[in-house]
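Enquirer: One structure, pasted below without further comment.
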Amino acid sequence: MIFFWLREIAGWLLVLFALYLVRQGLVFAMDLETPRIIEAAVLVFGGIGVMRIGVLLIRMATAARICQLPS
């Protein structure tokens, strides 16, 4: 039972980290003095990948808990 929660907590932490990466990418792109577009693109694409992994972990934990419910 603990693995479901660990998986879900790890998934939510990854989603939060992905949102942070996307935010940093937007900060880099919106800098008025020296916009860093390449660095922003790398951060945003990395954030999207991390977001997908986090959502996958959340889905797996939810599906595993549903499968464990008594019929």
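Enquirer: Taking the Cα-to-Cβ direction at Ser71 and at Tyr20 and moving 7 Å from each Cα, how far apart do the two end points lie in nm?
Expert: The modelled label-to-label distance comes out at 4.4 nm.
Enquirer: Follow-up question, since we're still on this one. Mean separation of Cα pairs under 8 Å and 6+ residues apart, divided by the residue count of the chain: what relative contact order is that in percent?
Expert: Numbers: 73 pairs, mean separation 32.4, N = 71.
Relative CO of the chain lands at 46 percent.
Enquirer: Now for a separate question. Nearest 500 deg cm²/dmol is fine: what mean residue ellipticity at 222 nm does the chain get from its DSSP H runs of n ≥ 4 alone, each adding -39,500 (n - 2.57), divided by its residue count?
Expert: On the way: 2 runs with 61 residues, N = 71.
Calculated from helices alone, the mean residue ellipticity at 222 nm is -31000 deg cm²/dmol.
Enquirer: May I ask you to give the solvent-accessible area per residue for the chain, in square angstrom, as obtained with a 1.4 angstrom probe?
Expert: On the way: 5460 Å² over 71 residues.
With all protein chains present, the chain gives 77 Å² per residue.
Enquirer: If you put +1 on each Lys and Arg Cβ and -1 on each Asp and Glu Cβ, how big is the dipole of the chain around its Cα centre, in Debye rounded to 20? Could you put the intermediate results ahead of the total?
Expert: Values: 6 positive and 4 negative charges, 73 e Å.
Dipole magnitude for the chain comes out near 360 debye.
Enquirer: Of the accessible area of the chain, with the probe set at 1.4 angstrom, what percent is carbon plus sulfur?
Expert: 75 percent
Enquirer: Which option, [x] 56; [y] 126; [z] 84, is the value of volume of the Cα convex hull per residue in Å³ that was calculated from these coordinates?
Expert: Checking each listed value against the structure points to [x].
The values are calculated or read from the model by the stated rules, or taken from the named source; none is laboratory data. Bear in mind that the values here come from a model prediction, so they are computed numbers and not experimental data. Counting neighbours? That spans all protein chains shown, and the Cβs are built from the backbone with ideal geometry, glycine included. These accessible areas exclude ligands, DNA and RNA; they are computed on the full protein's heavy atoms, side chains included. Shrake-Rupley method; radii C 1.70, N 1.55, O 1.52, S 1.80 Å.
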